[in-house]
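J.: Pasting a structure here, questions to come.
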Amino acid sequence: YNDTLVGLAYIVLQMPAGVMDSWPQVVCEIRGLKVYNPKTATTVYSENPALCLGDLIRSTDYGRGTTVDNTALEAAQDACDALVGGEVRRSLCLALDSAKIVDDWIDILRAYAGCWVDYRGATAFLIPDRPSASVMSLTAADIVKGSLKIKKLDGAQMPTVVRVVYSNTAGGEWVSARSDAAEIPGVGSGAVQRRESEINMNGI
């Protein structure tokens, strides 16, 4: 404790006396934590999930306390900011409001950021899950005998319907809602057995 209030958000309201008879109902929208942006070398509010992930990995107060490679972070940041149909590919608004192991939260943010986290020694590298140029060519000399073990899921256990749980802000309040499910052909007619899988993505 260093005379700072960690994790506390507050607001001060000043109202003239005699304006109302009872305490008003107040709704506040909190923008969230400021995170480091390596492109501008500033710490600012951002909805870029790669920057939020980098902050969580880097923080020694509430994160992993691991150094993040800024060049790799910028690549993940660019992948999230790329425009698709006039909108950025990935943006995030998520409250980390429950106790989890840091690596579990990292895995959740990694899903929103669309990247992998590769720990090389004491440094974390964010690798976008996007097409990129080849960085290596494999030859027969690179193959280690017995190193490849292939596993295949039982087709009878594969989901035929996927439903995503997300937060809906259409009504002005953030509420958990279910999206329309995506299903493979034949489920609706009954020709294919319905096996539903639900994915929890409660961020905006």
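J.: For 149, 100, 34, write out the residues from largest to smallest accessible area, computed with a 1.4 angstrom probe and no ligands counted.
T.: Greatest to least solvent exposure: 149, 34, 100.
J.: Provide the gained length on full extension for the span residue 149 to residue 119, in nm with one decimal, where the gain is 0.36 nm per separating residue minus the Cα-Cα distance.
T.: Extra length available between residue 149 and residue 119 comes to 8.5 nm.
J.: Anyone know which of 154, 55, 81 comes out most mobile in the 10 Å Cα GNM of the chain?
T.: Answer for the Gaussian network model of the chain: 154.
J.: Tell me the accessible surface of residue 13 in square angstrom (1.4 angstrom probe, heavy atoms of protein chains only), to the nearest ten.
T.: Near enough 80 Å² of accessible area.
J.: Give the shape of the stretch 56-127 as rounded, prolate or oblate, defined through the alpha-carbon gyration tensor: a ≥ b ≥ c are the square roots of its eigenvalues, a/c under 1.5 means rounded, and otherwise the shape is prolate if a/b is larger than b/c and oblate if not.
T.: Working: a/c = 2.44, a/b = 1.30, b/c = 1.87.
Oblate, since a/c reaches 1.5 and b/c is not below a/b.
J.: Mind telling me which of 51, 148, 92 comes out most flexible in a GNM of the chain, alpha-carbon contacts under 10 Å?
T.: 148
J.: Per residue, what accessible area does the chain have, given a 1.4 Å probe and all protein chains present, in Å²?
T.: Per-residue accessible area for the chain comes out at 74 Å².
J.: What's the extension gain from residue 67 to residue 44 if we count 0.36 nm per residue and subtract their Cα-Cα distance?
T.: Full-extension gain reported as 6.4 nm.
J.: Next question, about the same structure. What residues have an amide H closer than 5 Å to that of residue 35, excluding those fewer than 5 places away on the same chain, when H is modeled at 1.01 Å from N in the peptide plane?
T.: 44, 45, 46
J.: Using a Gaussian network model of the chain whose springs link C-alpha atoms within less than 10 Å, name the residue from 73, 153, 56 with the highest mean-square fluctuation.
T.: Looking only at 73, 153, 56, the largest GNM fluctuation is found for 153.
J.: Each residue of the stretch 13-22 in order: what ³J(HN,Hα) in whole Hz does its phi give by Karplus 6.51 cos²θ - 1.76 cosθ + 1.60, θ = phi - 60°, with x for Gly and Pro?
T.: 10, 10, 10, x, 5, x, 7, 9, 8, 9
The values are calculated or read from the model by the stated rules, or taken from the named source; none is laboratory data. Please read these numbers as outputs of a predicted model, since none were measured by experiment. Note: areas computed on protein heavy atoms with side chains; ligands, DNA, RNA excluded. Shrake-Rupley method; radii C 1.70, N 1.55, O 1.52, S 1.80 Å.
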